[in-house]
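Below you'll find the structure, written out as structure tokens, and then a few comments.
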Amino acid sequence: MNRRARRNHSAAFKAKVALAAVKGDRTIAQLAEHFDVHPNQITTWKSQLEASASEIFGPGGGTPATPAVDVKSLHAKIGELTLENDS
């Protein structure tokens, strides 16, 4: 019996499968056959989606804002480190 190589699914694929499971128009077994993943994996992704959905729609939901970067200070630090490496 040959084993299939381990697959890494993208976040978009996981979301697509989990949303299909939440929709409920097909069984988990049907979804597993359609998307070629194990039914337990679909159940796990569905649970993760349901658990984290409140974070998305909560206060300040969505992706966290990236902090502002002070480019001048970073360039100054690069210059300092370059001088240290050269000497």
- request: Sort through 42, 56 and tell me the only one that's surrounded by 10 or more Cβ atoms within 10 Å (Cβ to Cβ), out of contact with any Leu (no Cβ under 7 Å at 6 or more places or on another chain) and part of a helix (DSSP H, G or I).
  value: 56
- line: Per the list (1) assigned to a loop (DSSP other than H, G, I, E, B); (2) surrounded by fewer than 14 Cβ atoms within 10 Å (Cβ to Cβ); (3) not aromatic (Phe, Trp, Tyr), residue check on residue 37 breaks on (2)
field: Unique residue being part of a helix (DSSP H, G or I) and free of Cβ contacts under 8 Å to residues at least 12 places away in the same chain when the list is 31, 74, 49, 19
entry: 74
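Here, each number is a calculation from the coordinates, and none is a lab measurement. Being a predicted model, the structure only gives us computed values, none of them experimental. We place every Cβ from the backbone using ideal geometry, glycine too, and count neighbours over all the protein chains shown.
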